[in-house]
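The values are calculated or read from the model by the stated rules, or taken from the named source; none is laboratory data. Keep in mind that this is a model prediction, so the values were computed, not measured. As a convention, Cβ positions derive from the backbone with ideal geometry for all residues, glycine included, and neighbour counts pool all protein chains shown. We work out accessible area using only protein heavy atoms, side chains counted, and drop any ligands, DNA or RNA first. Shrake-Rupley method; radii C 1.70, N 1.55, O 1.52, S 1.80 Å.
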Amino acid sequence: MHFSGVIPRTILLAALGAAMSACGGGGSSGSDTPEDKSNVGGNNGGGGSGLSGLSGLDGDADNQDLLYFSYTYQSGENPNTGQQQFHSALYALDPANPGALSVLKLDSRESALGLDMGRSHYAPLYEADVDDDGRVTNYRVSDVLFLHNRDAGNETSEGFARVSTDATTPVPTPVRVSSESYLGASVLGAGTLIWQDYADAENAGVVYGLPTSEKRVHMSFGATDEPQNAMSMVVRHVVALRKQGDPAKHAYLVLRTHDDLTCSNGYRLVGARPSSSPGPGAGLYSSIMNDSLLPSPKEAASAEPLGRPLSDNSQYLVIDTLINPNIIGRPCISEGPTLWHYKSSASPQLTQVLDENNQPLKLPVGGSGIPRLPADRNIAVDGDVLYFGVGGIAQTGPQDLYRVEGNRWSVLSEQEENLGYFTGFLLADEGRVAASAGNTVVSWDSNGNDRKELDTSNAASMGLQTDVLGSRDGWLFYNRTDIMGRDDAVAMKIDGSDSAIIPDARWIGASLSGNGDNSPANVTELSEVFLWSGKDISAVSAADPGAGRVLLGTLDAMPEEVTMHGLAPGPHRLIQVHTDSDNSTVYYVNTRERGSLRKALDASGMQRPVTGF
């Protein structure tokens, strides 16, 4: 299967069907679901959705940049090994002329990395305007960082490349970034960190490679510039610290070795600032702290970021700490993974997060001994307050939800049903927090009081899902599947004061306003939300979903799945339509124009929008 991180509806229905058989079947959603307020029957051009038809949506953003998608397909067998080979290329679509595509001359050919190259080879680099008060505007993808091994079909170029989304250039021209090899480079996966520079994407960077042998590349490096090698004492880069506007201000927290460490698997957690110059030696002479940020005598067995940087550039971390008992023959003692708060300043501070009784927040450990972290969709940020819940990938069992502010944590709610590691949500808006707790949508005030159950599914499991991980003026968007397998697209106010339900439909993604009060890494204010119903693709206003929908177009045939990838400013977006597990087609839409749906490229294989388009 090649659905690139999206759980297909067929898998969800199979699970629901198995559960329905086990419990002897069932009826449609019961009376405990919210009232359908979607103007049923008054489609008037709404395509039978129950919403009135609109000629277009005004929207908040006016992003006219190029849109990028990849096309990956089987290109034949290796004549020497018989192994299947694949070709992946990047295409640019100009919203001013969506019928004319540009294919980039740098691409990947004769690769054995499969149809998933559309996900693994391309990554967005973002820019945004941030004022002195931290207000974010004009958040958007500025460049695409990607992997390639050919230049115009010749074996003359490979490794990293980037290309701008600027639509004013006659032809998008990619440039190679460093002399790194195709097989050595990486833009996604374990051990890869992208340092986003929201002021200027040319100052962004990427860390990649295996522990103890990591490398760094800045987007300003030229085609012949060698990557930096991390210093020999650096075991692993943990997190990129957000600063802007100067490639010399790249900063990271890293795990490093030291002669004074006393635990065999212990490390120091320190700050590091690499040079902005290319070459393996440049990395060796970077600035790195000697003293650990952890209080003595603690050492770090592991460290991972929890959530993204907050508006003050502080960062939460889960650190598994070790203590040496200083008893001959006794190994170091693990204190377990707990939550810590890092604040960047002239004198950086790392503080363990404690509750009102000065107790640390301990996170669970998986069967392999690795700390269990929350899925991104189970983390919410409201200003400088962090909310999260830690559940397993099996999506079973109860879990506590937490509220963290500064160096203090508290329980938002105890023993709620599982949030859904792959399918559920945790969102904060309008002074409240909402979550998909099992098959129930639950809302609390910001301190965990005033608990309200807003909606429920009668499915045995996975009855609530969403890929719309944002909100607008208190509106949440999720899909509710009942025990018979029927889908309803639900828009719900976070306090339960209003709702709109579109039967036999699913939300598939959303566009951003491009604005926010938090850091650019946490922009989730929605502008438009996209709907799939039968063969129809449409969109509604995130601020007023019941006002009507614009019918963007009708597909030629019923698809197996329809997906979008990442939140991005509109009005121009790309949608991926799956015909089967090995074939998908990209469509262009403009939410300001009814009937704007059009196929971008008529070719079999796996087409996929780059995340952020």
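Values as computed for the structure displayed
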read-out	value
Potential extension, V365-L210 segment - 0.36 nm per residue separation minus Cα distance	53.5 nm
Phi-based couplings in Hz for the stretch 568-584 (Karplus 6.51, -1.76, 1.60; Gly and Pro marked x)	7, x, x, x, 9, 9, 10, 10, 9, 10, 8, 9, 7, 5, 10, 9, 8
Residues listed by number, the stretch 299-337, amide nitrogen under 15 Å from R372 label point at 7 Å toward C-beta	337
HN-Hα J in Hz across the stretch 186-201 - Karplus 6.51, -1.76, 1.60, θ = phi - 60°, x for Gly and Pro	7, 10, 7, x, 4, x, 9, 10, 9, 8, 7, 10, 6, 7, 7, 5
Set of aspartates and glutamates with alpha-carbon distance to K535 below 13 Å, sequence-local pairs under 8 removed	D504, D556, E560, E561
Amide hydrogen neighbours beyond the local backbone of D225, cut-off 5 Å, H modeled	S178, S179
Which of K362, K298 is most accessible, then next, and so on - probe 1.4 Å	K362, K298
Distance (nanometres) between label positions extended 7 Å along Cα→Cβ at R486 and D445	3.7 nm
Simple label model, 7 Å out from Cα along Cβ direction - D58 to E155, nm	5.9 nm
Computed FRET value (nearest 0.05) for A190 with R135, which takes r as the C-beta separation and R₀ as 30 Å	0.30
Packing-based ranking, highest mean first, of 502-514, 176-188, 347-359 given that Cβ atoms within 10 Å are counted	502-514, 176-188, 347-359
Simple label model, 7 Å out from Cα along Cβ direction - D312 to K452, nm	3.1 nm
Shape of the stretch 94-138, Cα gyration tensor, a/c cut at 1.5	oblate
The chain: relative contact order in percent, alpha carbon pairs under 8 Å with at least 6 residues between	14 percent
Ranked by how many other beta carbons lie within 10 Å on average, peptides 304-311, 462-469 from highest	462-469, 304-311
Percent of C-alpha pairs per 20 Å bin, the chain, short to long	19, 53, 27, 2, 0
Cα-Cα over 22 Å, subset of K298/K343; K298/K362; K362/K493	K362/K493
Residues with amide H under 5 Å from that of L113, placed H, sequence gap 5 or more	F86
Per principal axis, descending, Cα span of the stretch 425-541 in whole Å	40, 32, 23
For D382, distant residues with modelled amide H under 5 Å away	Y387
Note, ³J(HN,Hα) from phi for the stretch 377-391, Karplus 6.51, -1.76, 1.60, rounded to Hz, x at Gly and Pro	6, 9, 10, 9, 10, 10, x, 9, 9, 10, 10, 7, x, 10, x
